[in-house]
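Colleague: One structure coming up, written as structure tokens, with questions to follow.
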Amino acid sequence: MLKGLLKRNKDIAWRTIEGTTFLVSPFTKKIYPLNEAGQVIWDSLEKETDPACLAKILCRKFQVDLETAKDDTREFCEQLLEEGLIEAVG
Amino acid sequence: MGIYKIREKITQLDKNIAKKKIPFQVLLELTYRCNLRCLHCYCVDEAGRQELSLSEIERVLKELAALGCLQVTFSGGETFMREDFFDILGIARKLHYLIFIFTNGVAVDEAAAERIAGFAPLGVEVSLYGATAETHEKITRVKGSFQRTLRAIKLLKMRNVDVTVKWPLLKDTFSHYHKLIELAKSLHVEYRADPLIFPRNDRDPAPLAQRLSDDELCLAYQYLGTSVIKEEPARLSAMQKPVCGAGHDNCCVSPYGDVYPCVQFFLKFGNVRENSFHDIWYHSQAVRDYRKINTYADIPDCRACSMVADCVRCPGLADLEDGSYLGKSQESCRLTRAVIQARKQLYKGGS
């Protein structure tokens with residue numbers, strides 16, 4: 001289970017182009033296009049944020065129930081962590 | 001990964017990027033000053049013109065980022081001749097760019113390598129002209145430059161920086177070509193060889209003395225092997241084959257703020273000291289005229305050519321040497337013939 005604060009890896013390149021946010025890792029050389037929910041989470045991770053907070057943001061933005069938002073947030077953040085796109089703080 | 005691959009992949013993911021002429025990638029020439037004196041160099045330091053200041057560079061990078069530019073390549077001259085180069089890297093990192101660096105490596109010591117690695121560049125391309133000091137320094141004309149360049153490669157590799165070694169195909173060093181490839185392999189770095197030799201920026205043809213002969217070019221392409229020369233080129237007609245993407249989704253900004261399609265193509269779109277990048281990129285008359293050329297079918301001299309599928313036409317060369325970017329580039333034709341000949345040899349068991 002994700003605990004604690006998360007933040008973007010400062011070395012990840014990214015840009016929103018024609019409505020799609022693309023992340024590019026200089027380490028893995030991979031490109032990660034984000035869907036709308038992914039972009040909301042990525043934007044929210046500009047500052048250190050905890051997963052519960054992210055889930056609430058998704059809830060409000062997409063009118064989904066909190067449990068669904070928590071599951072989606074956890075799954076997405078775990079992928080971002082695994083790819084080195086975000087970091088756990090502390 | 002080469003500097004062009006990210007652009008290709010993202011434009012495959014989103015065709016709007018190419019259609020809307022988003023300036024996805026920029027090459028910033030920070031200076032034409034250099035600590036070497038290479039025989040084939042095209043750079044001409046324009047005395048009396050001021051290089052872009054740090055704040056001007058920051059403004060340009062911000063403007064470009066707002067337009068969707070993701071990748072910046074820093075080049076020169078020699079990038080490390082800029083005393084504020086690390087400040088410039090810091091700005092690019094803060095603006096979330098993919099960073100690529102071209103350098104001769106001479107100024108890259110332990111401290112510099114550590115700092116470069118700290119900016120997490122996508123890659124660093126290091127120019128290397130020979131597998132020995134004698135061969136390399138015959139080109140650079142600076143004693144001791146070979147060891148310093150090798151040192152840079154090793155220091156960067158130790159820090160897990162993705163290093164590519166590159167060299168132009170030069171007459172004076174061609175006989176050592178295979179040794180360079182061996183050296184690159186022994187250093188565990190990727191390598192690329194560039195057949196294009198350009199006149200100087202002031203059209204001085206001196207570097208052209210280093211161009212390979214037709215036979216040497218064919219051999220050079222064979223050395224590069226089947227990873228570069230495919231057995232079958234993509235079967236594209238003139239109407240299907242796009243021209244070079246320079247000026248369509250990428251461009252160059254000179255040390256003095258001039259915006260060009262490419263580092264060696266001096267069709268001036270504008271200057272960032274006089275206009276915003278946005279206005280230059282989307283509204284200048286030079287850009288509008290230039291972007292009428294999209295495929296080989298738009299070039300009267302080339303549309304009926306039998307070599308279209310293999311063609312490596314450089315509009316910059318057509319402009320510099322043949323008088324017009326709207327026409328043939330004789331040198332590009334010669335290179336294309338060499339590619340075709342090399343393919344025949346590679347795939348038919350030739351020597």
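Colleague: Given (1) more than 25 Å from residue A:22 (Cα to Cα); (2) part of a loop (DSSP other than H, G, I, E, B), identify the lone condition not met by residue B:120.
Modeller: (1)
Colleague: From the list B:46, B:83, B:8, which one is free of Cβ contacts under 8 Å to residues at least 12 places away in the same chain, under 30 Å from residue B:138 (Cα atoms) and surrounded by fewer than 18 Cβ atoms within 10 Å (Cβ to Cβ)? Explain how you work it out, then say what you get.
Modeller: On the way: B:46 fails: free of Cβ contacts under 8 Å to residues at least 12 places away in the same chain; B:8 fails: under 30 Å from residue B:138 (Cα atoms).
That would be B:83, the only listed residue that is free of Cβ contacts under 8 Å to residues at least 12 places away in the same chain, under 30 Å from residue B:138 (Cα atoms) and surrounded by fewer than 18 Cβ atoms within 10 Å (Cβ to Cβ).
Colleague: Still on this model: When both residues are 6+ apart or on different chains and their Cβ atoms are under 7 Å apart, which pairs have a first residue that lies in the range A:73-85 and is at pLDDT below 95 and of a type in the set (Phe, Trp, Tyr), and a second that is surrounded by fewer than 15 Cβ atoms within 10 Å (Cβ to Cβ) and part of a helix (DSSP H, G or I)?
Modeller: none
Colleague: Moving to a separate point now. Can you tell me which residues in the range B:197-242 are modelled with pLDDT of 85 or more, more than 25 Å from residue B:37 (Cα to Cα) and under 19 Å from the mean Cα position of the chain (by Cα)?
Modeller: Residue satisfying the conditions is B:221 alone.
Colleague: Every residue in the range B:123-136 that is polar (S, T, N, Q) and part of a loop (DSSP other than H, G, I, E, B), please. It would help to see each step written out before you state the result.
Modeller: Taking the range B:123-136 first, the residues polar (S, T, N, Q) are B:127, B:132, B:135.
Answer for the range B:123-136, where residues must be polar (S, T, N, Q) and part of a loop (DSSP other than H, G, I, E, B): just B:132.
Colleague: Given the criterion farther than 20 Å from residue B:29 by Cβ, part of a strand (DSSP E or B), at pLDDT 95 or above and not acidic (Asp, Glu), identify the matching residue among B:165, B:161.
Modeller: Details: B:161 fails: part of a strand (DSSP E or B).
Exactly one of B:165, B:161 is farther than 20 Å from residue B:29 by Cβ, part of a strand (DSSP E or B), at pLDDT 95 or above and not acidic (Asp, Glu), namely B:165.
Colleague: Anything in the range B:107-121 that is within 14 Å of chain A (Cβ to nearest Cβ) and not aliphatic (A, V, I, L, M)? List them, or say none.
Modeller: Of everything in the range B:107-121, those that are within 14 Å of chain A (Cβ to nearest Cβ) and not aliphatic (A, V, I, L, M) turn out to be B:115, B:118, B:119, B:121.
Colleague: Does the range B:75-106 hold any residues that are of a type in the set (A, V, I, L, M, F, W, C) and either within 14 Å of chain A (Cβ to nearest Cβ) or on the phi > 0 side of the Ramachandran plot (or both), and which are they? Give the derivation first.
Modeller: To start, the set of residues in the range B:75-106 that are of a type in the set (A, V, I, L, M, F, W, C) comprises B:80-81, B:85-86, B:88-89, B:91-92, B:95, B:98-102, B:106.
B:89, B:91, B:92, B:95, B:98, B:99, B:100, B:101, listed by residue number.
Colleague: Exactly one of (1) within 22 Å of residue B:201 (Cα to Cα); (2) out of contact with any Ser or Thr (no Cβ under 9 Å at 6 or more places or on another chain); (3) of a type outside the set (A, V, I, L, M, F, W, C) is unmet by residue B:284. Its number?
Modeller: Single failed check for residue B:284: (1).
Colleague: Please tell me if residue A:42 is closer than 19 Å to residue B:95 by Cα, within 14 Å of another protein chain (Cβ to nearest Cβ) and not in a helix (DSSP H, G or I). Spell out how you get there, then give the answer.
Modeller: Numbers: closer than 19 Å to residue B:95 by Cα: yes; within 14 Å of another protein chain (Cβ to nearest Cβ): yes; not in a helix (DSSP H, G or I): no.
Judged against the criteria, residue A:42 is not a match.
Colleague: Within the range B:210-239, can you find the residues that are of a type in the set (Gly, Ala, Ser) and either in contact (Cβ under 8 Å) with a residue 60 or more places away in the chain or surrounded by 18 or more Cβ atoms within 10 Å (Cβ to Cβ) (or both)? Full working, then the answer.
Modeller: Step one: of the range B:210-239, the residues of a type in the set (Gly, Ala, Ser) are B:213, B:220, B:225, B:227, B:234, B:237-238.
The answer is B:220, B:225, B:234, B:237, B:238.
Colleague: What strands (runs of 3 or more DSSP E) lie completely within the range B:1-116 and have 1 or more residues being of a type in the set (D, E, K, R), assigned by TED's automatic domain parsing to the domain that holds residue B:265 and touching a strand residue (DSSP E or B) at 6+ places or on another chain (Cβ under 6 Å)? Explain how you work it out, then say what you get.
Modeller: Numbers: elements: B:25-29, B:71-75, B:98-103.
Where strands (runs of 3 or more DSSP E) fall fully within the range B:1-116 and carry at least 1 residues being of a type in the set (D, E, K, R), assigned by TED's automatic domain parsing to the domain that holds residue B:265 and touching a strand residue (DSSP E or B) at 6+ places or on another chain (Cβ under 6 Å), they are B:25-29.
Colleague: Right, here's the next one. Search the range B:107-118 for residues that are buried (at least 16 other Cβ atoms within 10 Å of the Cβ) and pair each with any residue that is among the small types (Gly, Ala, Ser) and in a helix (DSSP H, G or I) when their beta-carbon atoms are under 6 Å apart and the residues are at least 6 apart or on different chains.
Modeller: B:108/B:152
Colleague: Mind counting the residues in the range A:1-39 that are part of a loop (DSSP other than H, G, I, E, B) and of a type in the set (Ser, Thr, Tyr)?
Modeller: Initially, the range A:1-39 is screened for residues part of a loop (DSSP other than H, G, I, E, B), giving A:1-4, A:9-12, A:18-19, A:25-30, A:35.
Filter once more, so that each one left must be of a type in the set (Ser, Thr, Tyr): A:25, A:28.
Looking only at that region, the number is 2.
Colleague: Return the total of residues in the range B:122-136 being buried (at least 24 other Cβ atoms within 10 Å of the Cβ) and within 14 Å of chain A (Cβ to nearest Cβ).
Modeller: Adding up the residues that qualify gives 2.
Colleague: So, one more: Show the residue pairs meeting these rules: Cβ distance below 7 Å; 6+ apart or different chains; first residue within the range B:12-34 and touching a residue at least 24 places away in the same chain (Cβ under 8 Å) and facing another protein chain (nearest Cβ under 8 Å); second residue of a type outside the set (Asp, Glu) and part of a loop (DSSP other than H, G, I, E, B).
Modeller: Pairs that qualify, where the first residue is touching a residue at least 24 places away in the same chain (Cβ under 8 Å) and facing another protein chain (nearest Cβ under 8 Å) and the partner is of a type outside the set (Asp, Glu) and part of a loop (DSSP other than H, G, I, E, B), are B:17/B:24; B:22/B:67; B:22/B:68; B:24/B:68; B:24/B:69; B:24/B:70.
Colleague: If you don't mind, there's one more thing I want to ask. Just to be sure before I move on: is residue B:139 assigned to a helix (DSSP H, G or I), hydrophobic (A, V, I, L, M, F, W, C), in the same structural domain as residue B:253 (by TED's automatic domain parsing) and modelled with pLDDT under 95 in the structure I sent?
Modeller: Taking the combined requirement at face value, the residue satisfies it.
Colleague: Looking at residue A:36, is it over 13 Å from the mean Cα position of the chain (by Cα) and either away from every other protein chain (no Cβ under 14 Å) or without any contact (Cβ under 8 Å) to a residue 12 or more places away in the chain (or both)? Break it down stepwise before answering.
Modeller: On the way: over 13 Å from the mean Cα position of the chain (by Cα): no; either away from every other protein chain (no Cβ under 14 Å) or without any contact (Cβ under 8 Å) to a residue 12 or more places away in the chain (or both): yes.
Criteria not met by residue A:36.
Colleague: Further question: If we keep just the residues of the range A:17-33 that are touching a strand residue (DSSP E or B) at 6+ places or on another chain (Cβ under 8 Å) and more than 7 Å from chain B (Cβ to nearest Cβ), which is surrounded by the fewest Cβ atoms within 10 Å (Cβ to Cβ)?
Modeller: Within the range A:17-33, the first condition is being touching a strand residue (DSSP E or B) at 6+ places or on another chain (Cβ under 8 Å), and the residues that meet it are A:20-26, A:30-33.
Filter once more, keeping what is more than 7 Å from chain B (Cβ to nearest Cβ): A:21, A:23, A:25, A:30, A:32.
On the way: A:21: 18, A:23: 22, A:25: 20, A:30: 14, A:32: 18.
Among those that are touching a strand residue (DSSP E or B) at 6+ places or on another chain (Cβ under 8 Å) and more than 7 Å from chain B (Cβ to nearest Cβ), it is A:30.
The values are calculated or read from the model by the stated rules, or taken from the named source; none is laboratory data. Nothing here was measured: the structure is a model prediction, and the numbers come from that model. Please note: Cβ atoms are built from the backbone with ideal geometry, for glycine as well, and neighbour counts cover all protein chains shown.
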